[in-house]
Each structure stands twice: as C-alpha cells, then as structure tokens.
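Chemist: Below is the structure I would like to discuss, written out as structure tokens.
The values are calculated or read from the model by the stated rules, or taken from the named source; none is laboratory data. What you see is a predicted model; the values in this text were computed from it and never measured. Backbone-built Cβ (ideal geometry, glycine too); neighbour counts: all protein chains shown. Just so you know, the surface numbers come from the protein's heavy atoms only, side chains and all, with ligands and any DNA or RNA stripped out. Shrake-Rupley method; radii C 1.70, N 1.55, O 1.52, S 1.80 Å.
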Amino acid sequence: MTRLVLKFGGTSVGDIERIKAVALRVKSEVDAGNEIAIVVSAMSGVTNRLIGYVNEIAPLYDAREYDIVVSSGEQITSGLLTIALQELGIPARSWQGWQIPVYTDDAHGKARIRSISGEEVIKSLQAGTVVVVPGFQGVGPDGSVSTLGRGGSDTSAVALAAALDADRCDIYTDVEGIYTADPRIVAKAHKLEKITHEEMLEMASVGAKVLQTRAVEIAMKHGVRLQVLSSFTNKPGTLVVDEDEVVEQEFVSGIAYSRDEAKITLVKVSDRPGVAARIFGPLADASVNVDMIVQNVSDDGKATDLTFTVTRSDLERAIETLNQNKNDLGYEDLRSDLNVVKISVIGVGMRSHAGVAQRMFKCLGDEGVNVQVISTSEIKVSVLIAEEFTERAVRALHTVYGLDAE
Ligand code: ADP
Ligand code: ASP
Ligand code: MG
C-alpha cells in the first residue's frame with residue numbers, strides 16, 4: 001500500500017468549488033488504494049487578511065496572539081475539506097496541530113518544527129480514514145498555538161511525510177511545477193522535470209516562494225520524495241531529487257526574486273572592533289533576520305556607513321531595536337528603503353564555471369539597472385536593486401543565461 005501526503009495551497013482551496021474539486025482528486029487517490037494524509041493551506045487571501053487585522057491594531061503586536069489569529073485560516077479549510085470528503089462517502093477526520101501534536105519551538109510567527117508524533121495519525125490511516133491536517137500551525141513548548149512563517153504549510157506537509165514515513169509528498173499548487181523563473185513574470189520560463197535539493201534550497205531561500213525553504217531542508221535531511229505539481233491540471237510536475245539523479249546539469253538553473261526586502265543604512269557608524277557585533281547582536285535577540293550586508297570603506301578611519309537588508313515584516317522591529325541602542329552604537333542617522341528587490345541567479349554548475357557573476361553585472365548594467373548590494377554563495381549570486389526594475393531584470397537575466405523556452 002502506498003502512503004501519500006498531499007498538500008494543497010491557498011489557490012487550490014480558494015473557494016468552495018475548489019475545495020470540492022480537491023475532494024474529488026483525493027477520492028481518486030483513495031480509490032486507487034492509497035493511504036492519504038492531506039495538508040491544507042488557508043483559502044487564498046485569508047492569511048493576508050488576518051495579518052492585516054493584526055497590523056491595524058498594533059504593528060508591534062504580541063507574536064503569541066498573532067499566531068492565534070493567523071493559524072485560524074488553515075483550521076477552517078481543514079474542516080471544510082473533511083466535510084467535503086465525507087459528502088463523497090470517504091471516511092475522513094481533521095487533526096489540528098495541537099492534536100497530532102506538531103511540536104515546535106517558541107519563536108511565534110516563525111516557529112520551527114521540533115518533532116511530530118505520527119502514531120495516532122498512522123493508526124487512523126491504517127483504519128482507512130483520510131487524515132486532514134491544517135498546515136502552518138503547531139504547538140509551542142508552553143502549549144500555545146504557533147505558526148511556521150509565510151508559506152509554512154509546505155513545511156508542515158514535508159515534516160508530516162517524514163513522520164508518517166510516507167512514500168511521497170505531493171505539493172499541489174497553482175503552477176505546473178518548478179520553473180526556471182516565476183512563470184507569472186517570465187513568460188519564457190520553462191518547467192524543470194527535476195531539480196536538486198540544493199538548488200531548490202537556494203531558490204527558495206532567495207524568494208522563489210513555490211516551496212518554503214525549511215520544507216526543502218527537511219525533505220533533504222529525511223529523504224522525503226517531493227513533487228510539485230498543479231491541482232488545476234493532470235500533468236506531471238517537478239521532482240526534487242539528489243544531485244546524482246540529475247543527468248544533464250545546466251550551469252545556471254534558475255532566476256529568483258524577492259520583494260520581501262527592506263534596506264537599512266546606518267550612517268557614520270564608528271569604525272572600530274566589535275561594532276558589527278553590537279549592531280547585529282540586539283537585532284538577533286529581537287528575532288530580526290539580517291540578510292545581505294555591505295560596509296563601506298571609511299574615508300577617515302573613524303566612521304563608516306553600514307547597509308543591510310531585513311524582511312519587510314521585520315523592518316519596524318529592526319528600526320525600533322536600533323533606535324533603542326542608538327547611544328551605544330553611535331551612528332549619526334538611520335535610513336530605511338522599501339523600494340528594493342533582491343534578484344538571484346542560482347545553479348550548482350557555478351562551482352565549475354567562472355564568470356557567472358560578471359555576466360550578471362554586465363547584463364544589469366546594459367539594462368541600466370544599478371546594483372546596490374551584492375552577496376554570493378557557492379551556487380548563487382544575489383543583488384539588491386530598485387523594485388521598479390524587477391521584471392526587466394529577471395527577464396533579461398533569464399535570456400542571458402540561455403534559459404528561455406524555445
Ligand atoms: P501555494 O498557495 O500553492 O502554496 P504559492 O503562491 O505559495 O502557492 O507558490 C506558488 C507560486 O510560486 C506560483 O504561483 C509562482 O508565481 C511562484 N513562483 C516563484 N518562483 C517560481 C518558480 N521558479 N517556479 C514556479 N513557481 C514559482
Ligand atoms: N497560509 C499561510 C501563508 O499564506 C501558510 C501557507 O499557505 O503555506 O503563508
Ligand atoms: Mg506556498
């Protein structure tokens with residue numbers, strides 16, 4: 001018997017008709033004799049609306065209560081899909097994060113799964129019941145509801161697949177698989193039949209939201225067979241595999257962008273040992289993730305400008321933390337800029353091919369796009385540019401690296 005975890009994202013359960021269509025798809029998997037556990041997202045738009053409510057009351061909200069609000073979207077879908085399955089005569093029940101339980105740490109709003117007890121769910125599956133789990137939510141060490149960060153239902157699905165020792169985890173979404181770039185902005189992007197864990201990890205971490213980064217990490221660590229495919233068609237999707245399963249390797253496999261960036265510049269920070277630690281320490285303590293960093297050479301050896309990026313949702317918290325520590329840090333001014341986007345070129349072939357970054361800078365220069373910050377890893381080059389150039393830059397890079405579909 002094959003045990004599958006099927007995850008349906010927001011658009012796939014976007015309204016009642018879609019939920020009924022998902023129930024029919026699940027029925028065909030049940031009729032084929034498979035054991036099925038389902039993970040659902042909130043209906044599309046719901047999580048954004050819930051976050052909006054919280055922000056309207058308090059931009060610097062209590063993260064514990066934020067989780068109470070935003071976890072509710074998935075709870076609704078889990079109940080609705082379970083009822084839709086029951087209407088088709090399929091035995092089904094929902095299991096909330098705290099019922100399974102899905103144990104997480106206490107980092108409310110961006111919690112990490114620590115462990116999942118699969119025993120009860122496995123018993124239910126073996127008894128022929130379809131299990132429906134709301135993604136995105138878990139339970140923290142003190143018993144309060146936690147959520148896993150935006151896109152976290154992917155992680156719920158992969159972690160559940162690992163805990164249930166499932167044969168495969170299928171991530172159903174609104175595109176037919178993983179493409180060389182977001183197909184919504186690059187018409188010439190093409191679907192990849194396979195992508196390596198490593199490349200998908202980089203793509204996800206630099207903003208390709210088709211999979212949450214943590215989901216790919218867990219799949220890689222626990223050997224979960226992972227597929228991304230559309231719930232709107234019946235076509236094969238993209239498999240996320242180990243490097244040895246990919247026969248032909250392009251040196252660049254994809255271009256990604258992230259609008260979820262905010263730039264902070266600290267003007268005239270004193271240039272002495274230990275200052276970076278004094279700036280980034282309090283930010284880390286406030287759970288602010290810092291991404292790209294650039295420090296200018298100081299003219300006089302006394303003061304320098306320091307620029308770095310954080311996610312948009314962390315901007316307020318970052319500014320507040322820095323302002324609180326202003327006297328200690330001794331900077332002259334703090335400037336923030338939301339008009340930025342991060343563009344990245346990813347490919348394992350970069351290890352063996354020189355000149356990938358150079359080609360990127362030349363392409364952006366030819367397009368008249370100014371590069372503000374650069375960061376690199378072994379298989380990725382990222383740049384920060386002004387947001388209005390997003391589409392132009394991604395499309396131009398897609399062409400330059402020979403990724404355009406014929
Ligand atoms: P879901 O609600 O199903 O979780 P998401 O919106 O989180 O869906 O992720 C799917 C979206 O990811 C697609 O609609 C697409 O716009 C975007 N995306 C970004 N980069 C890529 C890529 N390289 N391949 C496929 N989709 C991508
Ligand atoms: N509903 C959550 C979000 O929009 C989690 C998810 O859909 O993966 O981020
Ligand atoms: Mg998603």
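Chemist: Is it fair to say Glu176 is of a type outside the set (Val, Ile, Thr), within 16 Å of ligand 3 (Cβ to nearest atom), open to solvent by 10 Å² or more (accessible area, probe 1.4 Å) and at pLDDT 95 or above? Walk me through it before giving the result.
Modeler: Values: of a type outside the set (Val, Ile, Thr): yes; within 16 Å of ligand 3 (Cβ to nearest atom): yes; open to solvent by 10 Å² or more (accessible area, probe 1.4 Å): yes; at pLDDT 95 or above: yes.
In short, yes.
Chemist: While we're here: Which of the residues that make up the range 189-244 are touching a His at 6+ places or on another chain (Cβ under 8 Å) and open to solvent by less than 70 Å² (accessible area, probe 1.4 Å)?
Modeler: Within the range 189-244, Ala189, Val216, Ala219, Val240, Val241 qualify.
Chemist: Please enumerate the residues belonging to the range 1-20 that are in contact (Cβ under 8 Å) with a residue 60 or more places away in the chain, more than 14 Å from ligand 1 (Cβ to nearest atom) and open to solvent by 10 Å² or more (accessible area, probe 1.4 Å).
Modeler: Thr2, Arg3, Ile16, Lys20
Chemist: Name the residue, out of Leu50, Leu88, that is open to solvent by 10 Å² or more (accessible area, probe 1.4 Å), within 23 Å of Ala166 (Cβ to Cβ) and of a type in the set (A, V, I, L, M, F, W, C).
Modeler: Working: Leu50 fails: within 23 Å of Ala166 (Cβ to Cβ).
Sole residue among the options that is open to solvent by 10 Å² or more (accessible area, probe 1.4 Å), within 23 Å of Ala166 (Cβ to Cβ) and of a type in the set (A, V, I, L, M, F, W, C): Leu88.
Chemist: Restricting attention to the range 377-384, does a residue exist that is open to solvent by 80 Å² or more (accessible area, probe 1.4 Å), assigned to a loop (DSSP other than H, G, I, E, B) and hydrophobic (A, V, I, L, M, F, W, C)?
Modeler: In the first step, residues of the range 377-384 are kept if they are open to solvent by 80 Å² or more (accessible area, probe 1.4 Å); the result is 378.
Remaining after also requiring assigned to a loop (DSSP other than H, G, I, E, B): 378.
With hydrophobic (A, V, I, L, M, F, W, C) added as a condition, the list becomes none.
The answer is no; no qualifying residue exists.
Chemist: Of the conditions (1) without any contact (Cβ under 8 Å) to a residue 60 or more places away in the chain; (2) open to solvent by less than 50 Å² (accessible area, probe 1.4 Å); (3) touching a helix residue (DSSP H, G or I) at 6+ places or on another chain (Cβ under 8 Å), Gln295 satisfies every one except a single condition; which number is it?
Modeler: Going through (1) without any contact (Cβ under 8 Å) to a residue 60 or more places away in the chain; (2) open to solvent by less than 50 Å² (accessible area, probe 1.4 Å); (3) touching a helix residue (DSSP H, G or I) at 6+ places or on another chain (Cβ under 8 Å) one by one, Gln295 breaks only (2).
Chemist: Counting only residues that are among the basic types (Lys, Arg) and more than 15 Å from the chain's Cα centre (by Cα), which one in the range 123-170 is farthest from ligand 2 (Cβ to nearest atom)? Working first, answer last.
Modeler: First, pick out the residues of the range 123-170 that are among the basic types (Lys, Arg): 123, 150, 168.
Applying the additional criterion that residues be more than 15 Å from the chain's Cα centre (by Cα) yields 123, 168.
On the way: Lys123: 27, Arg168: 19 Å.
Here the answer is Lys123.
Chemist: Kindly indicate the residue of the range 129-154 that is surrounded by fewer than 19 Cβ atoms within 10 Å (Cβ to Cβ) and in contact (Cβ under 8 Å) with a residue 60 or more places away in the chain and also nearest to Tyr172 (Cα to Cα) among those meeting that condition.
Modeler: Arg150
Chemist: Checking the condition open to solvent by less than 10 Å² (accessible area, probe 1.4 Å), under 22 Å from Ser205 (Cα atoms), in a loop (DSSP other than H, G, I, E, B) and in contact (Cβ under 8 Å) with a residue 24 or more places away in the chain, which residue from Leu403, Leu397 passes?
Modeler: Leu403
Chemist: From the list Met220, Met200, which one is more than 16 Å from ligand 1 (Cβ to nearest atom), under 28 Å from Val341 (Cβ atoms) and touching a helix residue (DSSP H, G or I) at 6+ places or on another chain (Cβ under 9 Å)? Reasoning before the result, please.
Modeler: Working: Met200 fails: more than 16 Å from ligand 1 (Cβ to nearest atom).
None of the others qualify; the one that does is Met220.
Chemist: Being part of a helix (DSSP H, G or I) and touching a residue at least 12 places away in the same chain (Cβ under 8 Å) is the filter; apply it to the range 363-376 and report the residue that is surrounded by the most Cβ atoms within 10 Å (Cβ to Cβ).
Modeler: If we filter the range 363-376 for residues that are part of a helix (DSSP H, G or I), which is where we start, we get 363-366.
Okay, now just the ones that are also touching a residue at least 12 places away in the same chain (Cβ under 8 Å), so 363-364, 366.
On the way: Cys363: 18, Leu364: 21, Asp366: 10.
Looking at residues that are part of a helix (DSSP H, G or I) and touching a residue at least 12 places away in the same chain (Cβ under 8 Å), I get Leu364.
Chemist: Could you say whether any residue in the range 55-66 is open to solvent by less than 70 Å² (accessible area, probe 1.4 Å) and β-branched (Val, Ile, Thr)? Quick ask: steps written out before the conclusion?
Modeler: Taking the range 55-66 and keeping what is open to solvent by less than 70 Å² (accessible area, probe 1.4 Å), we get 55, 58, 61, 63, 66.
Then keep just the ones that are β-branched (Val, Ile, Thr); that gives none.
Checked the range 55-66: no residue is open to solvent by less than 70 Å² (accessible area, probe 1.4 Å) and β-branched (Val, Ile, Thr).
Chemist: What is the one condition in (1) closer than 18 Å to Val70 by Cα; (2) away from ligand 3 (no atom under 16 Å from the Cβ) that Ile122 does not satisfy?
Modeler: Ile122 satisfies all of (1) closer than 18 Å to Val70 by Cα; (2) away from ligand 3 (no atom under 16 Å from the Cβ) except (1).
Chemist: Condition check: in a loop (DSSP other than H, G, I, E, B) and not polar (S, T, N, Q). Does Asp328 satisfy that? Don't jump to the end; show me each part of the working.
Modeler: Details: in a loop (DSSP other than H, G, I, E, B): no; not polar (S, T, N, Q): yes.
Here the answer is no, as Asp328 does not meet what is asked.
Chemist: Met360 passes all but one of (1) within 22 Å of the chain's Cα centre (by Cα); (2) under 26 Å from Tyr179 (Cα atoms); which number fails?
Modeler: Tallying (1) within 22 Å of the chain's Cα centre (by Cα); (2) under 26 Å from Tyr179 (Cα atoms), Met360 fails exactly one: (1).
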